[in-house]
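Below: the structure, in structure tokens.
Each value in this text was obtained by applying a stated rule to the coordinates, not by laboratory testing. Everything numeric in this text was worked out from a predicted model, so none of it was measured. Note that we place each Cβ from the backbone using ideal geometry, even for glycine, and neighbour counts take in every protein chain shown.
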Amino acid sequence: MKKLVVGVSGGPDSMAVLDMLRIAGHQLIVAHVNYHKRDSADRDQAIVESYCKQYQIDCAILDYKKQKKGNFQALARQARYRFFKELILKYQGQAVVVAHHQDDHLETYLLQKKRGSEPSYYGLREVSNVESVEVWRPYLHLCKDQLLDYCKTNNIPYGLDESNDSMRYSRNRIRLEVQALNEDQRKQLLKEIEILNQDKQKQETKLAQLYKSIFDSFDQNAYKNQEEKLRLLLVRRWLRGQGYYYETSPQCRQLDLALCHKESFSLSGQTYLICEQGLIKALPVSVYTYVLSDIKYFVTDCFELAGQGTSLEAVCVTEEDFPLVIRNWQPGDKIDLRFGTKAVSRFFVDRKIRKDQRANWPVLVNCQNKIILVPGLGCDLSHYGVKPSFYLSANPLTATGANLIVKNVKYLGG
């Protein structure tokens, strides 16, 4: 029998699936996420925990509290699948099983049609891969009413999610349409999905060949010559290859524009995309802030603080400048030089600093939040002297001491 992680919400669908898998003899690890979004959330958690206790099934609970701004559904989905992945690794499970059924399959398809989207697959796949985790949906042949009847017939406890009754959500409105379908209409829709996916598979084969010819060594002209619709499909394929599964259409269009003009592009503020030397490169951005209470020499992945260097890396500081901060360059950063105020972004252009280096380039800021040194550009007029206090260089050639934080240096992020 297989060792499986099962996503269980406490609703009739997932409780029925959990019971079926238990009876089939699989070794199970139940994963429940409490989002605290409704009054009945704790009730559902209690239902899941009680069932697992009764049958001595391992049960893991994720107590989710939204911390980032943005779409709740997308963020919650990301957290849920990260949770699944952690459990797969911890218990060495074969796959994650989720309780999607035929109604979900049809709802997803109708929602795709309504949005006019171009998915890689219409409806729901029986087996898919999400964030390097294999996800199984073995009950897509059953409709919601059949799972509900299973619970009632076998006295399986469950809770009903009252938010499913809200007409605020597009999926809930489409859910009512699906529930109103008769058997013939269901069969017709399922056949429609099957035919579309057969055509999609043929398209995917051609797309994969085109992707290889363009992206193996980025051919900008070949890319630009494709229709926008096809370019966006290529963009989504590239993003998923980089591990981005939650991209939005506006993000894809921005990326498409960047590729057409070979411009740099920031993905989620954590990856810097550049087109250089015939290749598309996705490079991590190390967001960092170091606070210095006094002078100590050390090396990180992005900069080095040392006792020697060039004149354009030298700075003279006094006690009034502390605490000093070393952080990433940010758009809008400027420094006052003897010939006037200079935008750091202009310095990058003038000195032909490679795009993949710019996002991680350090600047030195004093306690008055004034930039007093940009390595390679120099220090401001009031911090120039013949006997520099220290030298700050960008992108050291050696990273043997990378991420080493020494005494009296406080690391705030990254």
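So for the chain, averaging the separation of alpha carbon pairs under 8 Å that are six or more residues apart and normalising by length, what relative contact order in percent results?
Working: 644 pairs, mean separation 51.2, N = 414.
That works out to 12 percent.
I want to make sure I understand the PRE zone here: with the label point 7 angstrom from the Cα of Thr248 toward its beta carbon, which residues in region 101-144 have backbone N atoms less than 15 Å away? In region 101-144, the label zone of Thr248 (backbone N under 15 Å from the point 7 Å along Cα→Cβ) covers no residue.
Summarising the overall dimensions of region 37-111 from its C-alpha atoms, the Rg and Dmax are 14.8, 39 angstrom.
On the principal axes of its alpha-carbon atoms, the chain has extents of 87, 54, 40 Å, going from largest to smallest. Pop the C-beta distance of Asp184 and Lys206 into the FRET formula with R0 = 30 Å and round what comes out to the nearest 0.05. Calculated value: 0.30.
Step through the table entries Lys114/Lys144; Lys2/Lys85; Lys114/Lys152; Lys191/Lys224, compare each Cα-Cα distance with 26 Å, and write down the pairs that go over it.
Working: Lys114/Lys144 22 Å; Lys2/Lys85 17 Å; Lys114/Lys152 34 Å; Lys191/Lys224 36 Å.
Violating the 26 Å Cα-Cα cut-off are Lys114/Lys152; Lys191/Lys224.
FRET efficiency for the pair Ser117 and Arg351, taken as 1/(1 + (r/R0)^6) with r the Cβ-Cβ distance and R0 = 35 Å, rounds to 0.20.
Panel order for Asp104, Asp184, by other beta carbons found within 10 Å of each beta carbon, from fewest to most: Asp184, Asp104.
If you plug the beta carbon distance of Asn225 and His261 into 1/(1 + (r/R0)^6) with R0 = 22 Å, you get a FRET efficiency near 0.95. Rounded to the nearest 20, the size of the Cβ-charge dipole of the chain about its Cα centre is 620 debye, with Lys and Arg at +1 and Asp and Glu at -1.
Computed from Cα positions, the angle between helix 228-241 and the longest principal axis of the chain comes to roughly 80 degrees.
So, counting K/R as plus one and D/E as minus one, what does the shell of residues with Cβ under 14 Å around Cys316 add up to? Could the numbers behind the result be given before it?
On the way: positive: Lys387; negative: Glu313, Glu319, Glu320, Asp321, Asp380.
Its environment carries a net charge of -4.
Counting only aspartates and glutamates at least 8 places from Lys113 when in the same chain, those with an alpha carbon closer than 18 Å to its own are Asp103, Asp104, Glu177, Glu192, Glu194, Asp199. Using 0.36 nm per residue and subtracting the Cα-Cα separation, the extra length available between Ser217 and Ser50 on full extension is 54.6 nm. From a point 7 Å beyond the Cα of Asp58 in the direction of its Cβ, which residues of region 1-34 have a backbone N at a distance under 13 Å? What the label zone holds, given the 13 Å backbone N cut-off, is 3-6, 27-31.
Toward the positive end of the charge dipole of the chain, with +1 on the Cβ of Lys and Arg and -1 on the Cβ of Asp and Glu, the farthest Cα among Phe84, Leu210, Tyr109 is that of Leu210. Dipole magnitude for region 3-180: computed about the Cα centre from +1 point charges on Lys and Arg Cβ and -1 point charges on Asp and Glu Cβ, it is near 680 debye.
For the residues Ile193, Ile61, what sequence is obtained by ranking on other C-beta atoms within 10 Å, fewest first? Could the numbers behind the result be given before it?
On the way: Ile193 21, Ile61 14.
Going from sparsest to densest Cβ surroundings: Ile61, Ile193.
So for the chain: antiparallel DSSP bridges make up what percent, rounded to the nearest 5?
Values: 41 of 57 bridges.
Percent antiparallel among DSSP bridges in the chain is about 70.
Taking Cα atoms only, the orientation of helix 183-215 departs from the longest principal axis of the chain by about 30 degrees. Helix 12-23 versus the longest principal axis of the chain: what angle, 0 to 90°, nearest 10, using Cα atoms? Around 80 degrees separate the two axes. Positive end of the dipole of the chain (Cβ unit charges, origin at the Cα centre): among Leu75, Ser14, Ala180, the Cα lying farthest that way belongs to Leu75.
Can you sort Phe347, Phe218 so the residue with the fewest Cβ neighbours within 10 Å comes first?
Details: Phe347 21, Phe218 18.
Placing the least packed residue first, the sequence is Phe218, Phe347.
For the charge dipole of the chain, defined by +1 on Lys and Arg C-beta atoms and -1 on Asp and Glu C-beta atoms about the Cα centroid, which residue among Tyr139, Ile326, Ser389 has the Cα displaced farthest towards the positive pole? In the chain, that residue is Ser389.
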